[in-house]
1. Count the DSSP beta bridges whose two residues both fall in the chain, then state the antiparallel fraction as a percent rounded to the nearest 5.
2. Is the shape of the range 7-230 best called rounded, prolate or oblate, per the rule: a/c under 1.5 gives rounded, else a/b larger than b/c gives prolate, else oblate, with a ≥ b ≥ c the square roots of the Cα gyration tensor eigenvalues?
3. Show that you can apply the helix-only estimate: for the chain, add -39,500 (n - 2.57) for every DSSP H stretch of four or more residues, divide by all residues, and state [θ] at 222 nm to the nearest 500.
4. When the Cα centres of the range 142-216 and the range 388-444 are compared, how far apart do they sit, in Å?
5. Could you work out how much longer the chain between residue 355 and residue 9 gets when fully extended? Use 0.36 nm per residue separation minus the Cα distance between them, nm to one decimal.
6. For residue 371 and residue 305, what does the FRET efficiency come to when R0 = 25 Å and r is the distance between their Cβ atoms, rounded to the nearest 0.05?
7. Counting other C-beta atoms within 10 Å, which of 259, 281 has the fewest, and how do the rest follow?
8. Rounded to the nearest 5, what % of DSSP beta bridges with both residues in the range 254-442 are antiparallel?
C-alpha cells in the first residue's frame with residue numbers, strides 16, 4: 001500500500017515556497033467546513049459537527065483539501081493537496097468552495113494546476129449537497145482546460161470515487177504512486193470477490209488510464225519536468241528530423257523501397273526521438289482501457305522549447321494506439337504546442353480483436369484530431385507508410401520522407417491479391433504503385449526527402 005502522508009508534507013516534498021490562497025488557511029472561523037450551515041451540516045447528520053471538530057484537532061486543517069501556490073521545477077503552479085486524515089479526504093461543500101477558488105485563481109494568473117489527490121469520495125454526511133460538488137469541480141476543471149492551462153493529477157492512496165472521476169481521470173496527465181488504490185469504486189463498495197489488483201495504480205497503467213507510476217522520492221522531479229515541458233511551447237512548425245542510418249542513394253525500384261523500409265535493423269521511432277529531443281516525457285493509453293506499445297506519444301524539449309509527438313514504431317497499430325495519438329494531438333492543440341508525427345506502420349491492425357475494439361472509429365478520430373489541429377503539425381515518414389493506418393497521422397501539406405521509406409495506398413502484396421495478380425507480380429505492382437520517396441515528392445504527397 002502506498003504511504004499516506006499529510007497534505008502539507010506532500011506539498012513540502014514537491015514544491016518550494018508554498019503559500020495558501022487567501023481565505024483557505026487554518027485560521028478560518030469555527031463554522032468552516034460545515035457544508036454551508038452549522039452544527040451537523042446541511043442534512044442534519046447526527047454527530048457530523050463533532051466529527052469535523054475531531055478531524056480539525058487531529059490534522060490541524062479546517063477542510064479536506066489545502067489549496068495554494070508554489071514553485072515546481074521553476075514553474076509557479078496552483079497546488080491542491082488532499083488531507084486524507086480529514087474525514088478520509090472526502091469532498092464536501094467547503095471542499096468544493098476551495099477547489100473552485102483555486103481554479104479561478106489559476107485562470108486569473110495563467111497558472112497550471114497540480115492536484116495531489118487522496119480521497120475516499122463524496123462526504124455522505126452532507127448528502128446530495130456533497131455529491132453535487134462533483135459538478136462544480138468538473139465545471140471548474142473544464143473551464144481551466146478551455147483556457148489552455150495544463151492540469152496534472154497525482155493519484156495518491158487512495159484515489160477513489162468522485163475525486164478520481166473528476167480531478168484525477170479528467171486531468172491532462174495522470175501520475176500515480178506505486179500501489180495506490182485508484183478506482184471509481186472504493187474498497188468497501190466493490191463486488192464480493194473482486195480482484196484487488198484491478199483497483200490499483202499498476203492495473204490502471206496497464207489499461208491506459210494512468211500515464212506513469214512515480215516513486216514518492218521521484219515525484220518532485222517528475223512534476224518539474226512535466227510542468228517545464230507543458231509551459232514552454234515551441235514557436236511555429238517543428239522541423240522534420242534528419243534521416244538516420246539510411247542506405248546510400250534513393251531506391252531504384254518500388255520493391256527496393258519496400259525492402260529498405262522493412263529492413264529489420266532500420267532505425268525506428270525511439271532512435272529518432274532520442275536524436276531529436278534533449279528530454280521527453282510520455283503519456284500512456286487511450287483512457288478507454290487500452291494501450292498500444294507500437295504508438296509512442298508524449299512531449300519533448302528541443303532547443304529549449306516543447307514539441308508534442310506521436311510516433312508509430314513499425315508494427316500494425318491497435319485502436320488504442322490511434323485513440324492515444326488523437327488524445328495527444330488534441331491535448332497539444334489545447335495547450336498551443338506544435339506536433340511532430342513519425343509514420344512507420346505496415347497498416348492498422350485488422351484482426352478480429354481490432355475490429356471489436358473499434359478500429360474504424362479510432363482511425364477516424366485520429367484523422368479528425370490531425371485535421372482539426374490549430375497548431376502546426378509536421379510529419380516524417382521514417383519507414384513503412386501502409387495505407388490509412390499511416391495516413392491518419394500524416395499532416396496534409398507538411399509531410400516529409402526519408403530515403404528508406406515508402407508510402408502506399410496499400411501494401412504491394414495486398415494490392416496484387418485484390419487485383420488478382422499472382423505472387424510473381426508483387427514487385428511489378430510495387431513499381432506501379434509509385435510508392436518510392438522520390439515518387440511521393442513528384443506526386444505532391446511529400447514536401448521533400450530529408451537528408452541524413
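Read-outs throughout are calculated quantities, based only on the coordinates presented, and are distinct from any laboratory measurement. Keep in mind the model is a prediction, meaning the values are calculated, not measured. Virtual Cβ from ideal backbone geometry, glycine too; neighbours counted across all protein chains shown.
1. Values: 25 of 63 bridges.
Roughly 40 percent of the DSSP beta bridges within the chain come out antiparallel.
2. Details: a/c = 1.66, a/b = 1.16, b/c = 1.43.
Oblate, since a/c reaches 1.5 and b/c is not below a/b.
3. Details: 16 runs with 153 residues, N = 452.
Value at 222 nm, helices only: -10000 deg cm²/dmol.
4. The range 142-216 and the range 388-444 have Cα centres separated by 42 Å.
5. On the way: separation 346, 0.36 × 346 = 124.56 nm, distance 4.78 nm.
Full extension from residue 355 to residue 9 adds 119.8 nm.
6. Values: r = 24 Å, r/R0 = 0.98.
Here the calculated transfer efficiency is 0.55.
7. Numbers: 259 16, 281 19.
Ordered by Cβ neighbours within 10 Å, fewest first: 259, 281.
8. Details: 13 of 30 bridges.
Restricted to the range 254-442, the bridges split so that about 45 percent are antiparallel.
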